[in-house]
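No value in this document is a laboratory result; all are computed from the given coordinates. Only a predicted model underlies this, so the values are computations on that prediction, with no experimental measurement involved. We place every Cβ from the backbone using ideal geometry, glycine too, and count neighbours over all the protein chains shown.
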Amino acid sequence: MTELRMPKDFLWGSASAAYQIEGAHKEDGKGTSNWDEFVQIPGKTFKETTGEVAVDHYHRYKEDIALMAEMGLKTYRFSIAWTRIFPNGRGEVNESGLEFYQNIIDECLKHGIEPMVTLYHWDLPQALVEEYGGWESEQVIDDYVNYAVVLFDAFKDKVKYWITMNEQNIFTTLGWMTAQHPPGKFDNEKMYYVVNHHAFLAHAKTVLKFKEIIPDGKIGASFAYSPSYAINADPIHAMSKIDFDNLKNFWWMDVYAYGRYPKNTYRYLEKKGVAPTVTAEDAALLEAAAKQIDFMGVNYYQTSVAEYNPLDGVGPYGEMNTSGKKGTGEITGIPGLFKNPSNPHLETTDWDWTIDPMGLRYACKEITSRYNLPIIISENGLGAFDDKTEDNQIHDDYRIAYLNAHVYELMKAVDEGCDVWAYCTWSFTDLLSWLNGYQKRYGFIYVDRDEEGGSLDRYKKDSFYWYKDVIKSDGATI
Ligand code: BG6
């Protein structure tokens, strides 16, 4: 129990993404996405899992939203599949796609749940990839804005909170550097920065349009933020920490908040010959949009340790733990700058993700000092193996402990002056983890399915009741 309380209007929430929950991959006119294609390549996902059925939210959204209402959820963050709105990325709007999201929004509002919409959570229309290479071409910018404007016009009276991009740093890194996400390119650093630049411009143009169409709405991007700690007080490691933050964090957050790239990193990339070209027009656009964003969206899972990495040290590519077998992930780094060893002071999950509740407060304070922006925690949660007992109970006390510790730190962050509007756990129901199949569970609601299939029935985990009490008490039960 804590003395602290979240404000009455605090948005206690939970989040999801279209590809990971909806299924119905070919229904009602939906087009093919880059992910629909990518998962067909053998070996790309855990046990070849796909989102063709996912957890069938497309057909069960009423049941899922009724469960959210029973829990007392204040906001539900979900993403819209671009391919449901424009099966080929642009052209004629697919009205049944719009209707599906209209229904979700109405269902939320009926239960007093504030819808929070993510425009892009990684599923790009395949038609645009085939036509001009998707994010690799600047043509994507106008198609993205056009798609966003259709949604703003359609939902302007109902949706107040909008997120342009989910984890631009992750989908570009995994897409163009490590080949783990579509388009599956490896070590294409030059294109990686080009693609990011296009995504920044698409975000920026969208923000400006948004302010014309929904002047009272709130918009920002969601960034996968991993704050860092230097391994010790040796200045060489402190320098590595700065280099890490500039290259892995501020490269994105500075553009969203200030409209410019961090100078030292830009210089470093220029010397390597991979810095993106920024025209005067780009710079003006990024800056104008940065002045208009309303919050920094943060997906927080873990912190990193920064340690100096000599020129002959570890490289950026290493084994990633996608099996849940502890200790199978490898340490990576950038030779000459930093490497990211594990933190000896902290525990890890079965997927080798560092568990650091205080890091969430650290993240909030860093953003508050550096950007002075309100914060929406758009994701935070624990991926774990869950067991359903014979009488359909799921005793996920480890998830409760994880979330409880994080919420406590968030309440402290607020108490210490951070302006936090929302906290969305990842996720409400169990869902498909892009690379880790169905066995890595995050939800308050257990979904009876595994890599092979299942009944798709829903069961409340113990954490469901825990969060319900937290919400009801404004956090007093933490
Ligand atoms: C974030 C994504 O990276 O983390 C989600 O926005 C994702 O889509 C979540 O599912 C958890 O990651 P993972 O790899 O455990 O599914």
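If you go through the range 298-314 and keep only what is in a loop (DSSP other than H, G, I, E, B) and closer than 30 Å to Ser14 by Cβ, you end up with Tyr300, Tyr301, Gln302, Thr303.
Which residues, counting only those in the range 36-51, are part of a loop (DSSP other than H, G, I, E, B) and over 21 Å from the mean Cα position of the chain (by Cα)? Passing the criteria: Gln40, Ile41, Pro42, Gly43. Can you confirm whether the range 60-83 contains a residue that is β-branched (Val, Ile, Thr), within 29 Å of Ser455 (Cα to Cα), part of a helix (DSSP H, G or I) and more than 16 Å from the ligand (Cβ to nearest atom)? Among the residues of the range 60-83, at least one is β-branched (Val, Ile, Thr), within 29 Å of Ser455 (Cα to Cα), part of a helix (DSSP H, G or I) and more than 16 Å from the ligand (Cβ to nearest atom), which makes the answer yes.
Kindly check whether there is at least one residue in the range 205-228 that is under 30 Å from Leu311 (Cβ atoms) and either surrounded by fewer than 19 Cβ atoms within 10 Å (Cβ to Cβ) or touching a Leu at 6+ places or on another chain (Cβ under 8 Å) (or both). No: the range 205-228 contains no residue that is under 30 Å from Leu311 (Cβ atoms) and either surrounded by fewer than 19 Cβ atoms within 10 Å (Cβ to Cβ) or touching a Leu at 6+ places or on another chain (Cβ under 8 Å) (or both).
Filtering the range 435-460 to residues that are more than 11 Å from the ligand (Cβ to nearest atom), surrounded by fewer than 23 Cβ atoms within 10 Å (Cβ to Cβ) and not aliphatic (A, V, I, L, M) leaves Asp448, Arg449, Asp450, Glu451, Glu452, Gly453, Gly454, Ser455, Asp457, Arg458, Tyr459, Lys460. Filtering Ala238, Ala199, Ala283, Ala221 for residues that are free of Cβ contacts under 8 Å to residues at least 60 places away in the same chain and within 25 Å of Gln302 (Cα to Cα) leaves a single hit, Ala238. Would you confirm whether or not the range 386-393 contains a residue that is of a type outside the set (Val, Ile, Thr) and within 16 Å of the ligand (Cβ to nearest atom)? Within the range 386-393, one or more residues are of a type outside the set (Val, Ile, Thr) and within 16 Å of the ligand (Cβ to nearest atom). The set of residues in the range 346-385 being more than 30 Å from Lys160 (Cβ to Cβ) and more than 16 Å from the ligand (Cβ to nearest atom) consists of Leu346, Glu347, Met358.
When the range 406-434 is examined, which residues are found to be on the phi < 0 side of the Ramachandran plot and surrounded by fewer than 16 Cβ atoms within 10 Å (Cβ to Cβ)? Within the range 406-434, Asp415, Glu416, Asp419 qualify. With respect to (1) surrounded by fewer than 18 Cβ atoms within 10 Å (Cβ to Cβ); (2) part of a loop (DSSP other than H, G, I, E, B), the lone exception for Gly381 is condition (1). Looking at the structure I just gave you, is Gly313 surrounded by fewer than 16 Cβ atoms within 10 Å (Cβ to Cβ) and over 28 Å from Ser369 (Cα atoms)? Spelling it out, it is not the case that Gly313 is surrounded by fewer than 16 Cβ atoms within 10 Å (Cβ to Cβ) and over 28 Å from Ser369 (Cα atoms).
Okay, residues lined up against (1) within 16 Å of the ligand (Cβ to nearest atom); (2) within 26 Å of Thr332 (Cα to Cα):
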| site | (1), (2) |
| --- | --- |
| Asp123 | yes, no |
| Tyr161 | no, no |
| Asn166 | yes, yes |
| Pro183 | no, yes |
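Residues in the range 15-30 that are within 16 Å of the ligand (Cβ to nearest atom) and either without any contact (Cβ under 8 Å) to a residue 60 or more places away in the chain or more than 15 Å from His121 (Cα to Cα) (or both): Glu22, Gly23.
Tell me whether the range 139-158 contains one or more residues that are out of contact with any strand residue (DSSP E or B) (no Cβ under 9 Å at 6 or more places or on another chain), without any contact (Cβ under 8 Å) to a residue 12 or more places away in the chain, in a loop (DSSP other than H, G, I, E, B) and closer than 22 Å to Arg84 by Cβ. Yes, the range 139-158 contains a residue that is out of contact with any strand residue (DSSP E or B) (no Cβ under 9 Å at 6 or more places or on another chain), without any contact (Cβ under 8 Å) to a residue 12 or more places away in the chain, in a loop (DSSP other than H, G, I, E, B) and closer than 22 Å to Arg84 by Cβ.
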